[in-house]
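Accompanying notes for the structure given below.
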Amino acid sequence: LQWDPMITTLPGLYLLSVGVVKPAAWLLGWTGSVVCSVGMLRFINLLFSAGNFYLLYLLLLKIHQKNKAVSGFQRILSALTLAVFPTLYFFTFLYYTDPGSVFFTLFSYLMCIYGNHKTSALLGFCGFMFRQTNIVWTVFCAGNVVAEKLNEAWKIELQKKKDEKISSGKGSFSDLTRILQFLVEYLLSPKKLITLAALTWPYIILVSLFFVFVFINGGIVVGDRSSHEACLHFPQLFYFLSFTVFFSFPHLLTPTKIRKFLLSLRKHPVQYSLVTVISLFLIWKFTYVHKYLLADNRHYTFYVWRKVFQRHELVKYLLVPFYIFAGWSFADTLKSKSIFWILMYFVCLLAVTVPQKLLEFRYFILPFLIYRLNIPFLSLYRQLLELAFYILVNAVTFYLFLNRTFQWENSDEVQRFMW
């Protein structure tokens with residue numbers, strides 16, 4: 001019955017906690033001090049964590065169902081690796097919204113690829129109640145349906161023209177304009193739009209309700225708005241790509257990938273020069289530094305910013321070649337997906353990262369997991385390397401959190417290092 005005005009998310013986690021703990025207390029005769037204890041509330045996230053592991057396994061099974069070369073053990077291993085993904089796993093043991101937010105979003109995505117769109121939209125609403133930005137992943141689910149229809153139509157279009165030079169799946173710099181032209185023509189057809197609306201109406205209703213909420217609320221944030229102002233923070237995309245390379249290095253940082261990238265660089269110098277200029281401009285004009293990033297020394301981002309970006313004014317520009325490699329490598333691992341799926345995912349990635357002023361690794365959890373679920377499986381050796389790396393990062397994070405406590409001058413409370 002109390003509400004802290006500093007809380008910025010909707011009460012999904014708290015409502016669900018009451019829904020789980022109250023009946024358990026009634027059945028087992030627990031007292032109020034047990035029901036509302038820190039341990040009991042954190043237990044809710046352990047339930048979500050177990051659910052996330054199972055959902056990740058089911059998603060890997062469904063998304064890669066055509067890949068018969070991958071063993072059942074590799075699928076379980078991959079699901080386990082993603083379930084202990086450090087940024088998510090750490091918050092399993094605290095009373096944060098992340099495990100529940102991930103649970104409902106993954107469940108919504110699973111229902112979507114099984115074709116249960118009403119259920120998917122309902123679960124998307126639950127995800128929205130945990131974190132407002134999850135509405136983007138409802139759009140992503142609708143986009144999955146649209147991308148599938150567009151891909152079918154594109155294949156028919158290619159068949160008509162009997163043009164074998166353009167691949168329906170991969171696309172390249174030269175193909176892109178033609179694909180975009182097809183996209184515009186398709187989406188300007190009222191008949192085709194009606195067909196798409198008939199397929200995605202549950203998502204359309206949910207997104208419409210979201211806009212009603214934003215209008216009534218006067219913004220997306222509830223509670224403390226002063227620290228959560230939306231802006232066009234384009235370098236967030238570069239931070240996300242760097243974050244992804246760090247946590248997916250067995251996929252993205254291979255000698256073969258680096259050789260392929262250098263070859264691509266030699267083949268398309270003009271395009272890469274243009275991308276470099278655009279990246280430098282976006283960093284120059286759209287870099288924002290949130291007050292929390294400079295002041296809150298409990299979080300790893302504070303040290304990343306201080307030790308890397310604040311070393312010199314030019315550092316943020318010198319990182320552009322790495323960002324371009326990260327972006328190329330990221331896109332290269334997704335080439336098995338259709339060009340329309342990639343465009344749709346990229347739009348959702350921009351929508352969920354760019355408006356955030358604060359550099360916060362938790363904002364990258366869902367886009368990272370959806371990316372990882374959709375890329376090809378690695379060899380068993382590389383999968384084990386990735387799992388070992390995650391376990392090591394988790395061990396270090398927990399050790400610092402539990403044993404390296406410190407105090408602020410103006411507070412008696414114990415402070416801890418965390419994501």
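The values are calculated or read from the model by the stated rules, or taken from the named source; none is laboratory data. Nothing here was measured: the structure is a model prediction, and the numbers come from that model. No Cβ is skipped: glycine too gets one built from the backbone with ideal geometry, and neighbour counts run over all protein chains shown. Note: areas computed on protein heavy atoms with side chains; ligands, DNA, RNA excluded. Shrake-Rupley method; radii C 1.70, N 1.55, O 1.52, S 1.80 Å.
With Cα atoms defining each centre, the range 86-153 and the range 204-257 are spaced 14 Å apart in the structure. The trypsin sites (Lys or Arg not before Pro) found in the range 202-282 that occupy coil by DSSP, while having at most 15 further C-beta atoms within 10 Å, are Arg225. The C-alpha atoms of the chain define a longest principal axis, and helix 38-63 lies at about 20 degrees to it. On a per residue basis, the range 230-378 carries 46 Å² of accessible surface, using protein heavy atoms and a 1.4 Å probe. Given a cut-off of under 8 Å on Cα pairs at least six residues apart, what relative contact order in percent is computed for the chain? Dividing the mean separation by the residue count of the chain yields 22 percent. Just to confirm the number: angle between the C-alpha axis of helix 12-28 and the first principal axis of the chain, 0 to 90 degrees, nearest 10? With both axes taken from Cα atoms, the answer is about 50 degrees. Overall form of the range 55-145: oblate. Here a/c, set by the Cα gyration tensor axes a ≥ b ≥ c, is 1.5 or more, and a/b is not larger than b/c. Rolling a 1.4 Å probe over the protein chains gives Leu384 an accessible area of about 80 Å². For the chain, the share of accessible area belonging to carbon and sulfur comes to 68 percent (1.4 Å probe, ligands and nucleic acids excluded).
Hey, could you get me the Stokes-Einstein D for the range 191-237, Kirkwood radius over alpha-carbon pairs, 25 °C and 0.890 mPa s, rounded to whole µm² s⁻¹? D = 183 µm²/s. The trypsin sites (Lys or Arg not before Pro) of the range 36-103 meeting both criteria, a DSSP state outside H, G, I, E and B (loop) and at most 10 other C-beta atoms within 10 angstrom of the site's C-beta, are Lys66, Lys68. Taking 19 Å as the straight-line reach from the Cα of Lys307, the lysines in range (excluding those fewer than 8 positions away in the same chain) are Lys291, Lys316. Could you tell me whether the range 296-351 comes out rounded, prolate or oblate from its Cα gyration tensor? Rule is a ≥ b ≥ c as square roots of the eigenvalues, rounded for a/c under 1.5, then prolate if a/b exceeds b/c, otherwise oblate. Verdict is prolate for the range 296-351.
Note on Asp224 and Glu413: the model spin-label points, each 7 Å out from Cα along the C-beta direction, lie 0.9 nm apart.
Residues Cys141, Cys36, sorted by accessible area with the largest first, give Cys36, Cys141 [1.4 Å probe; ligands and nucleic acids excluded].
Distances between placed amide hydrogens fall under 5 Å for Leu10 paired with Gln132, all partners being 5 or more residues away or on another chain. Lacking any other cysteine beta-carbon closer than 4.7 Å, the following Cys residues of the chain have no compatible partner: Cys36, Cys126, Cys231, Cys348.
Are there any chymotrypsin sites (Phe, Trp or Tyr not before Pro) in the range 53-152 that are in a DSSP loop and have at most 12 other Cβ atoms within 10 Å? List them by number.
Tyr114
Across q = 0.09 Å⁻¹, the range 230-378 modelled as identical point scatterers on its alpha-carbon atoms has Debye log10 I(q)/I(0) values of -0.29, in the order of the q list.
Please report the net charge: other residues with Cβ closer than 12 Å to the Cβ of Ile220, K and R +1, D and E -1. Intermediate results must be reported in sequence, preceding the final value.
On the way: positive: Arg131, Arg225; negative: Glu229.
Here the charged neighbours net out to +1.
Calculate the all-directions average of the projected area of the chain's alpha-carbon convex hull, and give it in nm². Please list the in-between numbers first.
Working: hull surface 95.6 nm².
If you wrap the Cα atoms of the chain in a convex hull and average its projections, you get 23.9 nm².
If you take the square roots of the eigenvalues of the alpha-carbon gyration tensor of the range 222-302 and sort them as a ≥ b ≥ c, do you get rounded (a/c under 1.5), prolate (a/b over b/c) or oblate?
On the way: a/c = 3.38, a/b = 1.73, b/c = 1.96.
Cα axes put the range 222-302 in the oblate bin.
Across the protein chains, with a 1.4 Å probe defining accessible surface, the residues Leu294, Leu265 rank Leu294, Leu265 from largest area downward. Helix 190-217 and the longest principal axis of the Cα set of the chain meet at an angle near 30°.
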